[in-house]
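Worksheet: the structure to be examined is printed underneath.
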Number of protein chains: 2
Amino acid sequence: MSEKVTIYDIAEKLNITAATVSRALNNNPKIKEATRELVIKTASEMNYKQNKLALALKSGRSNNIGVIVPRIDSNFFASVIRGIEEELYPHGYQVIICQTHESIKRENENLHTLVDAQVDGIMMSVTGISNENDSAFRNVLEKNVPLIFFDRSKHIDGVSSVTINDFKGGYLATKHLIDEGCRQIAHLSGDRSLDIFNNRFLGYKQALLDSGLTFNEEHVIHVKSSVEAGKEATTTLLGLQTPPDAIFSSSDFAALGAIQELQARNYSIPNDFCVAGFSNEPFTKFMELSITSVDQSPLEMGKMSARVFLEQVDKTDTIKIEKKVVLAPELHIRKSSTRTNF
Amino acid sequence: MSEKVTIYDIAEKLNITAATVSRALNNNPKIKEATRELVIKTASEMNYKQNKLALALKSGRSNNIGVIVPRIDSNFFASVIRGIEEELYPHGYQVIICQTHESIKRENENLHTLVDAQVDGIMMSVTGISNENDSAFRNVLEKNVPLIFFDRSKHIDGVSSVTINDFKGGYLATKHLIDEGCRQIAHLSGDRSLDIFNNRFLGYKQALLDSGLTFNEEHVIHVKSSVEAGKEATTTLLGLQTPPDAIFSSSDFAALGAIQELQARNYSIPNDFCVAGFSNEPFTKFMELSITSVDQSPLEMGKMSARVFLEQVDKTDTIKIEKKVVLAPELHIRKSSTRTNF
DNA sequence: TATTTTCGTGTAATCGATTACATAATTTTT
DNA sequence: AAAAATTATGTAATCGATTACACGAAAATA
């Protein structure tokens, strides 16, 4: 029933050696055409399937690549993974998913597990920039496993990354709010020890300065990426001496929270107050009051990461090429910040 | 630099054989305590890591399990995968993700690829019930690879499944709409050759009959799971002789489309018209007009699938146990269908 | 025809870990 | 102290495929 057919079975049947069978199946030019055809025909008849594990052991390559993300049930990460999978599938790679659940300890474990599982490469979005787990990263590099960061990256020599231009994203969103007539623009930021959040903040600040507006430290609030956090931050902002008339949020969820809080207080959006988010989560365009947001082209990011991996995977002998790909963010302007009618 | 340490290296260093090293590391009781400690200490010093590929080849078990879903960038599937991963991680399994993109051909390929990759089990939500790819399924079963369906399943002898009670889900949602005073309830259905959609439809129909309402064939429309399809279907429904006063949609996206179309026509929801969806997608609760929806507890579904797999994986000798787990759906009542005030 | 090439296939090692079986070392029993 | 039982370790096969090297046979050259 569950007959596992090996090249030895084929060899026996044809009175030849496994070596010949192997060569015939691999199109080795040294095999006689008649033999090759016979082997291929017989293999097919016997329903032979190459044992990938044996191949992996022999070659040292598993044809699996690992992907580590904070969580998979977020549209952004799921889309990146989709991109990676689509790009790598034609090359015969399988994608192994690991989630850190925002825990450095777990990130550590995942890195070790993947290396132990002999993956041919690792693509990840780091969970934090703490140094606690540097040994796990060192382990990856020592074992010469290609490592590629996407979106959230760490500064490690020789490691490539695919990110978007978060500075520009923050700049575009803020500039847009200014263009709509807002003058007191607040910013909901994430953990600024992570580049992505720091750069969005810097872009925001630069846009203010370039437009001759003053940067107000009070208007920058650190929030978690949640609706609740957005509400709280908004409450705080509205209680200030000089309350803002717009919010640029690093998180769509926090932006949504802000909108809900504002509406609860009878603010009219976008007339009294404008809001823009970041990530272009699906719900931003579904809302009746659709939310302006910066798109990070996650699908493209995934595909690009996969391509960088493919470029790198063969050149293990060459000196490591560090490649930094920076994708352009795209501002999707929607109702939450559109005062002018088209 | 990239020194791969094997048990032979350890053996050589300690002047013993690899067999002894292997036994010591595997806590074989026949090993002298002193030897065991020495080996473990040395292994750790030399930074030895077990080669999982060699182990996999020897044991025939890869410690990978495959998950096949139509797509990963949907909250439902991503959540199921999250559940599977969380449950299997402690058991040392890695999760390999494959997407069919709703193509039977691709589903076929994925099944073969996973079997070839020697996964220890496959969990999947089928893309269609066509018989085109029965040979791929037969291949899986012949190779004795445990197969488990979740959500969308096929009827195959000896294959376990984890689903929700879609009939009850449809019944609950419809009954709720009736309780809110709706009398002409339409239904947006999916591909009814798939059990999940057929059962939701049957639950809908039964709820109507149980309440003494007449079932109107015209009120059932087949739609794809998209906002656009929901809009079109709503337009059709409103043009009928007896237009409906409520919609129960098998898809949250179609339900959203319906709401948008209704609002565009100045219907007041929930007063003039009630809407309920299915899947409890995140956006349903984010909307200002939040959408009533049936929750499928995807996280629980993933965990349960993993548990069924774990039960089955050891008993390859025993006669296959076919296990059908049916989870209870949960109706989340929200603004789109709440006429009564709390 | 003898010699050199070329061609096709076989032999055996290898990837790294596990394990049935054999054997040496030690302890227990008589 | 000899025999038996126990314990610890070594030997070698195995999982399935690939491949350097060897070698015989056929073809080409001298």
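The values are calculated or read from the model by the stated rules, or taken from the named source; none is laboratory data. Please read all numbers here as calculations on a predicted model, not as lab measurements. So basically every Cβ, Gly included, is an ideal-geometry build from the backbone, and we count neighbours across all protein chains shown.
Some observations on this one:
- For the range B:41-73, the candidate set comprises residues that are without any contact (Cβ under 8 Å) to a residue 12 or more places away in the chain and more than 16 Å from DNA strand C (Cβ to nearest atom); within that set, the residue that is farthest from B:Arg23 (Cα to Cα) is B:Asp73.
- Tally, over the range A:13-40, of residues that are surrounded by fewer than 15 Cβ atoms within 10 Å (Cβ to Cβ) and either within 11 Å of DNA strand C (Cβ to nearest atom) or closer than 17 Å to B:Gln118 by Cβ (or both): 11
- For the range B:1-12, filtered to residues that are surrounded by fewer than 13 Cβ atoms within 10 Å (Cβ to Cβ) and of a type outside the set (Asp, Glu), the residue that is farthest from DNA strand D (Cβ to nearest atom) is B:Met1.
- A:Phe150 being under 30 Å from B:Leu111 (Cα atoms), of a type in the set (Phe, Trp, Tyr) and more than 12 Å from chain B (Cβ to nearest Cβ): yes
- The criterion of being among the acidic types (Asp, Glu), within 25 Å of B:Lys285 (Cβ to Cβ) and part of a loop (DSSP other than H, G, I, E, B) does not hold for B:Asp191.
- Of all residues making up the range B:245-281, the number that are more than 12 Å from chain A (Cβ to nearest Cβ) and either surrounded by fewer than 22 Cβ atoms within 10 Å (Cβ to Cβ) or among the polar types (S, T, N, Q) (or both): 13
- If you go through the range A:31-76 and keep only what is among the aliphatic types (A, V, I, L, M) and within 14 Å of chain B (Cβ to nearest Cβ), you end up with A:Ala43, A:Met46, A:Leu53, A:Ala54, A:Leu55, A:Ala56, A:Leu57, A:Ile65, A:Val67, A:Ile68, A:Val69, A:Ile72.
- Residues of the range A:292-324 classified as farther than 19 Å from B:Asp73 by Cβ, within 14 Å of another protein chain (Cβ to nearest Cβ) and either modelled with pLDDT of 95 or more or touching a strand residue (DSSP E or B) at 6+ places or on another chain (Cβ under 9 Å) (or both), total: 1
- Tally of residues being within 13 Å of DNA strand D (Cβ to nearest atom) and loosely packed, with under 12 Cβ neighbours inside 10 Å across the range A:41-58: 2
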